[in-house]
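**Student:** One structure follows; several queries about it will come next.
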Amino acid sequence: GSNALKYLHIDPVANYLSVIDATNNQLRRIDLNTGEVAGPVVINPGMGQAAVDTSRSRIYLTAREAPHFSAYDGKTLQVVFTSNEMPEGAGWPVYDSQSDSIFVLDIAAASAERSIYRLNPENGQLVETIRYTVAEKGRSGEFDYDPASERFFLIAGQHLLVLGRDGSTKLEIPLELKQYEIQSMIFDPQHNRLAALVINHPQNGEVAGVGG
């Protein structure tokens, strides 16, 4: 329905727009060249975070319930493979074309030591676990990776963390925002900047503003 929670992911090479309906657990694909719509196909409950593989024209989705990782053909929306090699709760994928890897941030962990998983995009096999530590409580989320500088960017609690490829902390920036106010984040390598979509939720007696 029009009030369903939807996530949009674009494949700029194939010019496909994938639409994840997280409310009704459905996936659609729109061919932006022709307007053709594929789907909907039923996806695992709890899915929403996704990564686009432009070299294979695939979309990768994670889920809280098994299977925790699924690969879909970007044109037909057929399931290419599923994987359960990551623990429950791992759920923020980023595809890196330079190393041909999928990095997945574990967003369920609440301990000081946390994980980023590297998967083989051919079969979803877990090939590496990268450990990092956080100094404060608050789950990790909003994840991106810059292959040129080999840096991870993520939000943990009320801090922005910049991590090296080995999980070492390079930079920690306090944010004057609650974590849930940051809806998504993307790194711009050309200008060495992070862009974040921030939604300020109104409190009692306040009216939500409209603007950019």
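The values are calculated or read from the model by the stated rules, or taken from the named source; none is laboratory data. Worth saying up front: this structure is predicted, and the values here are computed from it rather than measured. Cβ: placed from backbone, ideal geometry, glycine included. Neighbour counts: every protein chain shown. SASA here: full protein model, heavy atoms, side chains in, ligands and nucleic acids out. Shrake-Rupley method; radii C 1.70, N 1.55, O 1.52, S 1.80 Å.
**Student:** Looking for something under 18 Å from LEU171 (Cβ atoms), open to solvent by less than 50 Å² (accessible area, probe 1.4 Å) and among the polar types (S, T, N, Q) - is there at least one such residue anywhere in the range 115-123?
**Tutor:** no
**Student:** When the residues of the range 14-36 are narrowed to those that are of a type in the set (Val, Ile, Thr) and at pLDDT below 95, which ends up nearest to LEU105 (Cα to Cα)?
**Tutor:** My answer is ILE20.
**Student:** Identify the residue in the range 130-163 that is of a type in the set (A, V, I, L, M) and outside any strand (DSSP E or B) and, among all such residues, is surrounded by the most Cβ atoms within 10 Å (Cβ to Cβ).
**Tutor:** Among residues in the range 130-163 that are of a type in the set (A, V, I, L, M) and outside any strand (DSSP E or B), the one surrounded by the most Cβ atoms within 10 Å (Cβ to Cβ) is VAL134.
**Student:** Condition first: open to solvent by 20 Å² or more (accessible area, probe 1.4 Å) and within 22 Å of LEU154 (Cα to Cα). Can you find one or more residues in the range 47-60 that meet it?
**Tutor:** Yes - at least one qualifying residue is present in the range 47-60.
**Student:** Got a sec? Which strands (runs of 3 or more DSSP E) wholly within the range 44-111 have at least 1 residues that are more than 27 Å from ASN15 (Cβ to Cβ)?
**Tutor:** Strands (runs of 3 or more DSSP E) meeting the threshold: 79-83, 90-96, 101-106.
Residues are listed down the side, and each one gets a yes or a no for (1) closer than 24 Å to PRO147 by Cβ; (2) hydroxyl-bearing (Ser, Thr, Tyr):
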site	(1), (2)
THR82	no, yes
GLU88	no, no
ASP96	yes, no
TYR117	yes, yes
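**Student:** Considering only residues of the range 5-39 that are part of a strand (DSSP E or B) and of a type in the set (D, E, K, R), which is surrounded by the most Cβ atoms within 10 Å (Cβ to Cβ)?
**Tutor:** ARG29
**Student:** Could you check, for the range 132-148, whether at least one of its residues is basic (Lys, Arg) and at pLDDT below 85?
**Tutor:** Yes.
**Student:** Taking the range 119-150 only, how many residues are hydrophobic (A, V, I, L, M, F, W, C) and closer than 12 Å to PHE103 by Cβ?
**Tutor:** Summing the residues that are hydrophobic (A, V, I, L, M, F, W, C) and closer than 12 Å to PHE103 by Cβ in the range 119-150 gives 5.
**Student:** Read through the list (1) open to solvent by less than 50 Å² (accessible area, probe 1.4 Å); (2) farther than 20 Å from LEU160 by Cβ, then give the number of the only condition that VAL127 fails.
**Tutor:** (1)
**Student:** For the subset of the range 88-109 comprising residues that are open to solvent by 20 Å² or more (accessible area, probe 1.4 Å) and among the polar types (S, T, N, Q), which member is nearest to THR54 (Cα to Cα)?
**Tutor:** SER97
**Student:** Inside the range 164-187, can you point out the residues that are on the phi < 0 side of the Ramachandran plot, part of a loop (DSSP other than H, G, I, E, B) and at pLDDT 85 or above?
**Tutor:** Within the range 164-187, ARG165, ASP166, SER168 qualify.
**Student:** I would also like to ask the following. Which of the residues that make up the range 112-129 are of a type outside the set (S, T, N, Q) and assigned to a strand (DSSP E or B)?
**Tutor:** GLU113, ARG114, ILE116, TYR117, ARG118, LEU119, LEU126, VAL127, GLU128
**Student:** For the range 67-74, state whether one or more residues are over 16 Å from the mean Cα position of the chain (by Cα), among the acidic types (Asp, Glu) and more than 19 Å from ALA156 (Cα to Cα).
**Tutor:** Taking every residue of the range 67-74 in turn, at least one turns out to be over 16 Å from the mean Cα position of the chain (by Cα), among the acidic types (Asp, Glu) and more than 19 Å from ALA156 (Cα to Cα).
**Student:** Same structure again: So, ALA112, is that one open to solvent by 20 Å² or more (accessible area, probe 1.4 Å) and not polar (S, T, N, Q) or not?
**Tutor:** yes
**Student:** Here's a follow-up. Answer yes or no: is there a residue in the range 61-73 that is at pLDDT 95 or above, open to solvent by 30 Å² or more (accessible area, probe 1.4 Å) and in contact with a strand residue (DSSP E or B) (Cβ under 8 Å, 6 or more places away or on another chain).
**Tutor:** yes
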